[in-house]
Amino acid sequence: MRRLGITSDYHAHVAANHARHNIRGGPTAGLHYEQSNAPGVFFPYHKTEVVGDKAHAPIRYPCLNDPAYQGQMTAKIEQDISNQVCYAPQSYSLAHEWNYRAYGSLSGPLDTCFCTNCQVGFRQYLRSEYGTLERLNKVWGSAFSDWDSVGALVLADAVAAGQIPRWIDHRRYADQIFADFFKLKLAALRKLDPAAEGGGINLRMSLTTLDSYSGVDFWKLYREAGIFSYLENPYVLAFTPPDSPRRRLLAELKAMWHPNCFAADPRLHQLRAGNLPWQALLEGARGFGYYEEYFFMPPYSPFQPILNADLTASQTIRNIAGAVDRIRAGLGHFLFDGRMADSHIALLYSRASEHAATAWQAINTNALASRLSPPERMGFYTKGLPALGYQFTALSDDQLAQGALDTAGIQLLILPFTQALSTGAVEQLRSCAVRTSSWRVPCHA
Ligand SMILES: [Zn+2]
């Protein structure tokens, strides 16, 4: 591997052999494959499920807010990495194909969690958001007389009560729980490896899935919790702080068996393999990751291992490694020192608007509502703009509220499905509209 120029091995245990050849690993740490009850196979040795009053007050078991579960997670991370830290891993894999829905195993509207810990936490969250009970009652349309009786509602009940903001706040709190859980994981890592970075890769939340129940708020995860990911969505590059050490981990990950890469014609297949690292470089990646194909796959499948049966390197991996070699040889530096072209276009990312859209679909059951998918609306622009030769960046509501229109020189802001803007964001839009007549804000609400 080292002779091929491979410098790291992510999402695998670090072997002493890797370290000996200066290949830095990316061990898995406390992963959550929660599909089975089989003890000892995957943490936490039990299956994730919804329990309690499923219709009106569902509980996520295990709850990410449960101190006992958090303790198990911390212990598992320590157990996973304590004998690997000495090999100086490049980073750690904290979650893969996992989110608040567990390993995709919890489906449907998942209005968790109503456990005691979450009820207490929700009230604290609301106190910091609203300050006073009067403000909360005004926004919710409720009539609580003391904080201890304040609680959440599932979507159907919120629609029946006409209290959609109450439901949205509960989903936002679930997003916070999910982000906070990653903070705990990072803290557990850094107890053993103080400079450690942790990744959450493929959180099963693509641009084509509308999901208020995933817990995935990309802005919170990449900025507030501070996890890294591959360049699997536009938010990774846009939300990772410019001066963060995580930027060295912004790699592009490709697999030759994926339909957008695989070609039946072997010459075309190899040509594509050699082009992939160059494409990654031009898209702003600092590295190229190859999703190794399974060694045990039969020869007639598109899955091809990086090693031939005689343990020589396959043609595919040699073509990829050759491209990486040429990038390292010099032209790569030229590009690294260059600046990405900038069309001064931004797409607003608003998790609150996703929740508002989910509620809007529950209230409106017509054909238009059923077709609304915020991530697809994002997808229209994230695919369409590059196809027309434009670059874009994603902009969170927080960034907008903090004045990013000016500091990032944004000339066109697209609000693809915006139904909820913070007051700070509204102020910024208003002041920009007043200052310059060239402003246009297309809005599909
Ligand atoms: Zn809970």
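Here is the figure for the range 96-139: residues that are more than 23 Å from LYS54 (Cβ to Cβ) and at pLDDT below 90 total 2.
Do we find a residue being touching a Phe, Trp or Tyr at 6+ places or on another chain (Cβ under 7 Å) and either within 12 Å of the ligand (Cβ to nearest atom) or within 23 Å of ARG101 (Cα to Cα) (or both) anywhere in the range 125-138? Checked against the condition, which is being touching a Phe, Trp or Tyr at 6+ places or on another chain (Cβ under 7 Å) and either within 12 Å of the ligand (Cβ to nearest atom) or within 23 Å of ARG101 (Cα to Cα) (or both), the range 125-138 yields at least one hit.
Across the range 29-56, the qualifying residues are those that are at pLDDT 90 or above and under 27 Å from the mean Cα position of the chain (by Cα), and the one among them that is farthest from the ligand (Cβ to nearest atom) is ALA29.
Within the range 235-255, the only residue that satisfies the criterion of being in a loop (DSSP other than H, G, I, E, B), surrounded by fewer than 20 Cβ atoms within 10 Å (Cβ to Cβ) and either touching a residue at least 24 places away in the same chain (Cβ under 8 Å) or outside the structural domain of ASP175 (by TED's automatic domain parsing) (or both) is ALA255. Just to be sure, is GLU232 surrounded by 16 or more Cβ atoms within 10 Å (Cβ to Cβ) and either within 17 Å of the chain's Cα centre (by Cα) or over 24 Å from LEU184 (Cβ atoms) (or both)? Criteria not met by GLU232. Limited to the range 55-102, what total is found for residues that are surrounded by 15 or more Cβ atoms within 10 Å (Cβ to Cβ) and over 30 Å from ASN17 (Cβ atoms)? Qualifying residue count for the region: 17. Which condition from (1) at pLDDT below 90; (2) exposed (fewer than 14 other Cβ atoms within 10 Å of the Cβ) is the one that PRO375 breaks? For PRO375, the failing item is (2).
Annotation note: of ARG171, ARG204, the sole residue that is modelled with pLDDT under 95 and either part of a strand (DSSP E or B) or closer than 30 Å to GLN72 by Cβ (or both) is ARG204. For first residues located in the range 102-123 and farther than 13 Å from ALA152 by Cα, partners that are of a type in the set (Phe, Trp, Tyr) and within 13 Å of the ligand (Cβ to nearest atom) and lie 6+ apart or on another chain with Cβ distances below 7 Å do not occur. Of all residues in the range 166-194, those that are free of Cβ contacts under 8 Å to residues at least 24 places away in the same chain have Cβ atoms under 8 Å from Cβ atoms of residues that are away from the ligand (no atom under 16 Å from the Cβ), 6 or more apart or on another chain, in ARG190/ALA196. The set of residues in the range 124-164 being of a type in the set (S, T, N, Q) and without any contact (Cβ under 8 Å) to a residue 24 or more places away in the chain consists of GLN124, SER128, THR132, ASN137, SER145, SER149, GLN163.
The values are calculated or read from the model by the stated rules, or taken from the named source; none is laboratory data. Owing to the predicted nature of the structure, the values given are computational and were not obtained by experimental measurement. Note that each Cβ is placed from the backbone with ideal geometry, even for glycine, and that neighbours are counted across all protein chains shown.
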